[in-house]
1. For a Förster distance of 22 Å, can you work out the FRET efficiency between the beta-carbons of Gln28 and Glu169, rounded to the nearest 0.05?
2. Using a 1.4 Å probe on the protein heavy atoms, what percent of the accessible area of the chain belongs to carbon and sulfur?
3. Do you know the relative contact order of the chain, to the nearest whole percent, from alpha carbon pairs under 8 angstrom that are 6+ apart?
4. For the ranges 90-102, 27-39, what's the packing order if you count other beta-carbon atoms within 10 Å of each residue, average per peptide, and put the highest first?
5. For Ser121, what is the net charge nearby, where nearby means another residue's Cβ is under 12 Å from its Cβ and Lys, Arg count +1, Asp, Glu -1?
6. Quick check on the chain: helices-only [θ] at 222 nm, where DSSP H runs of length 4 and up contribute -39,500 (n - 2.57) each and the sum goes over total residues. Nearest 500, please.
7. Give, to the nearest whole percent, the P(r) tail of segment 85-156 beyond 20 angstrom, counting all Cα pairs.
8. Ignoring solvent entirely, what values of log10 I(q)/I(0) come out of the Debye formula for the chain at 0.09, 0.13, 0.15 Å⁻¹ when each Cα is a single scatterer?
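The values are calculated or read from the model by the stated rules, or taken from the named source; none is laboratory data. Computed from a predicted model, the values in this text were never measured in an experiment. Here the Cβ is made from the backbone with ideal geometry for all residues, glycine too, and neighbour counts use every protein chain on show. Areas reflect the complete protein model, heavy atoms only, side chains present, ligands, DNA and RNA absent. Shrake-Rupley method; radii C 1.70, N 1.55, O 1.52, S 1.80 Å.
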Amino acid sequence: RQFVVKKVTISFFGSEENVEKTPLIQLQGVRDKDGNVIDIDPIEYKIRNLTPINAVKKVLRERIFPLVNLDFEFLDERIQENFNLLDTGVVRIGFDKKGGCWSMLGLDTFFSQEKTTINFSWLDAATIMHEFCHMLGLGHEHQNPLGKPINWDKPEVYKWAKLVHGWDEETTYINIIKKYDINAVKGIKYDPNSIM
C-alpha cells in the first residue's frame, strides 16, 4: 500500500514546567570513537534560556526541517491539555518527566492513536534531533547490522535503562542491544559518528 506524506503537523501535550535541560557539564567532554572531544553544537547555548516547547521548535527549524523534503506545521503555540485525536498533530510531543525520551518510529507515528508519539523527560539539542530522526524513520546506528558489534556491559545497560526509562530487560535488549535483522532495514555503511 502506498502512503504519501505532504505535511507533518506537530502539537504539544502535558506540562513542560518540570522538564529540565541536560546540564552542560554532561555534554562537555564527550568523545568520539578516536578519543577526540566533540564540540557542543552551538544551538545548545541558544536553547538554554528557552521554554521546552520553544527549544524543540528552534532545534527542529534549524537542524531538521532544512534537511527534510517535507512541510512541517506547528498546530498551536500552547500546550493542549485535552486529548482529541481529531484536533491534534500527527506528531504529538509530550513532556512526561517520568517517561524517558523516546519516539515512535517512522510511519508508526502516522497511525498511532496514542496521546504522545514523542516524549522528552529532559532536553538538549542532540536528544531533540535524535528523537525527531526516529519519527522520520531512522533507527539506532548502534543496532545497524552492518556495524561492528559493541561489547556491551549488559548488566550496566539494563540498570541504566531501568533507571532512566523504566524499561525491563527485554525492552532494553530490543531497543538498545539487539542488532536489526539485515533483511528488515535499508542500511548503509555504518556511521559511528551518527546522531542515531
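1. Details: r = 32 Å, r/R0 = 1.44.
The computed FRET efficiency comes out at 0.10.
2. Using a 1.4 Å probe with all protein chains present, the chain comes out at 51 percent carbon and sulfur.
3. Numbers: 274 pairs, mean separation 47.5, N = 196.
Value for the chain: 24 percent.
4. Ranking the peptides 90-102, 27-39 by packing returns 90-102, 27-39.
5. Details: positive: Lys21, Lys97, Lys98; negative: Glu16, Glu20, Asp96, Asp124, Glu131.
Charge balance near Ser121 sits at -2.
6. -6000 deg cm²/dmol
7. 41
8. -0.36, -0.78, -1.06
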